[in-house]
Amino acid sequence: MTTTPPADPRIEAVAARLKEAAQKRAEAYAPPMDWQPIWKRPRKPKSIKAKKEELAKQRKRLKAAGVRRFYGAQARRPRPRQNRIGSAAARRDARALSRMRHSNAWLW
């Protein structure tokens, strides 16, 4: 059997003050009534100049990416010889040509 203690006016006064302070804090931190998140706000139309600048920047960025892609592929261009040369005779020829290329025989 539980009994509630008699209401102490001092405790009640402190509790009321705490509730009031909490309410004030909640009001201070609450967003303003006309506030909307940025993704729900109506869009401000861009000026023609701003649009053109943005498109020029995008074109430049895409062109640079294309150039990078092109030169990246070029870097892998000399394919490994094993894929191109299947027969032993062809490998021998390639070896002989390579020796010629790396020698100074052509200077004579």
Running Debye on the range 18-63 with equal point scatterers at the Cα sites and no solvent, what base-10 log of I(q)/I(0) appears at q = 0.27 Å⁻¹? -0.94
Keeping every protein chain present and rolling a 1.4 Å probe, give me the accessible area per residue for the range 1-77 in Å². 108
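The values are calculated or read from the model by the stated rules, or taken from the named source; none is laboratory data. Since we're looking at a predicted model, the values are computed, not measured. Ligands, DNA and RNA are stripped out before the accessible areas are found, and what is left, the full protein with its side chains, is counted by its heavy atoms. Shrake-Rupley method; radii C 1.70, N 1.55, O 1.52, S 1.80 Å.
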